[in-house]
1. Applying the selection to region 1-21, what residues are free of Cβ contacts under 8 Å to residues at least 12 places away in the same chain and under 15 Å from Gly60 (Cα atoms)?
2. For region 21-37, give me each residue that is of a type outside the set (Asp, Glu), modelled with pLDDT of 95 or more and in contact with a Leu (Cβ under 9 Å, 6 or more places away or on another chain).
3. Can you find a residue in region 4-25 that is within 30 Å of Trp149 (Cα to Cα) and either aromatic (Phe, Trp, Tyr) or surrounded by fewer than 19 Cβ atoms within 10 Å (Cβ to Cβ) (or both)?
4. Checking Gly123 against (1) of a type outside the set (Asp, Glu); (2) over 30 Å from Arg11 (Cα atoms); (3) open to solvent by less than 60 Å² (accessible area, probe 1.4 Å); (4) at pLDDT 85 or above, only one condition comes out false. Which one?
5. Out of Tyr55, Tyr59, Tyr36, report the one residue that is aromatic (Phe, Trp, Tyr) and open to solvent by 60 Å² or more (accessible area, probe 1.4 Å).
6. Can you run down the residue pairs with Cβ atoms below 7 Å, 6 or more apart or on separate chains, where the first is in region 130-150 and without any contact (Cβ under 8 Å) to a residue 24 or more places away in the chain and farther than 12 Å from Lys107 by Cα and the partner is open to solvent by less than 70 Å² (accessible area, probe 1.4 Å) and assigned to a helix (DSSP H, G or I)?
7. Regarding Gly65, is this residue open to solvent by less than 60 Å² (accessible area, probe 1.4 Å) and either closer than 30 Å to Gly37 by Cα or at pLDDT below 90 (or both)?
8. Specify which of the listed residues (Ala164, Ala132, Ala106, Ala113) is modelled with pLDDT under 90, in contact with an Asp or Glu (Cβ under 9 Å, 6 or more places away or on another chain) and aliphatic (A, V, I, L, M).
Amino acid sequence: MDSITVELIERFSEKWQLNDQTGCWDWTASLNANGYGQIKQPGKRVNFIAHRLSYLIHYGAIPDGMSVCHTCDNPKCVKPSHLFLGSQQENLLDMARKGRSTMHNAKIDEEKAFAIHKMAAEGMSQAKIGKAFGIGQQTVWKILRGLRWRSVYEMVTSGGQVTAAPEK
């Protein structure tokens, strides 16, 4: 990752505003599709997620594989004291506890993901599998390649034959 310049820190400092009700530093500039602030490094084609940049500025490097999470559950917040490091799994669990996880809206659970692998192994087309579960063929394709439900994909590809979801 490119080094953080004084110019970038100055730009960062101009793009948040204190929220008197929550104490958050709300990002006032560009947001990505998930509602997180984003900022470009001047003169370069480097885009930073604003809360990750805040963490870098105030605390230093973010270890590989770690997420920068919010104690305030506000994706626009860049206040350093509202940020903490966690693994991707810890971040997803934290989001789920706070009701921000999109997984509760998912049509596919682990058992259905196994069934999708089984149906594909038996020769059913991705389009027919998708129709059976009320999802698109593209989603079936992602499940079968481990881009969705990676844990199921890893179990299936390491064990060979797919029969059913493992007992819990």
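The values are calculated or read from the model by the stated rules, or taken from the named source; none is laboratory data. The structure presented is a predicted model; accordingly, all values stated were derived computationally and were not measured. Positions of Cβ are generated from backbone atoms using ideal geometry, with glycine treated the same way; all protein chains shown enter the neighbour counts. With ligands, DNA and RNA removed, areas are computed over all heavy atoms of the protein, side chains included. Shrake-Rupley method; radii C 1.70, N 1.55, O 1.52, S 1.80 Å.
1. Ser3, Val6
2. Once the filter is applied, which keeps residues that are of a type outside the set (Asp, Glu), modelled with pLDDT of 95 or more and in contact with a Leu (Cβ under 9 Å, 6 or more places away or on another chain), region 21-37 yields Cys24, Trp25.
3. Within region 4-25 (the criterion being within 30 Å of Trp149 (Cα to Cα) and either aromatic (Phe, Trp, Tyr) or surrounded by fewer than 19 Cβ atoms within 10 Å (Cβ to Cβ) (or both)), the answer is no, since none of the residues qualifies.
4. (3)
5. Numbers: Tyr55 fails: open to solvent by 60 Å² or more (accessible area, probe 1.4 Å); Tyr36 fails: open to solvent by 60 Å² or more (accessible area, probe 1.4 Å).
When all the criteria are applied, what remains is Tyr59.
6. From region 130-150, the pairs are Gln137/Gln126; Gln137/Ala127; Gln137/Gly130; Trp141/Gln126; Gly146/Tyr153.
7. Criteria not met by Gly65.
8. Sole residue among the options that is modelled with pLDDT under 90, in contact with an Asp or Glu (Cβ under 9 Å, 6 or more places away or on another chain) and aliphatic (A, V, I, L, M): Ala164.
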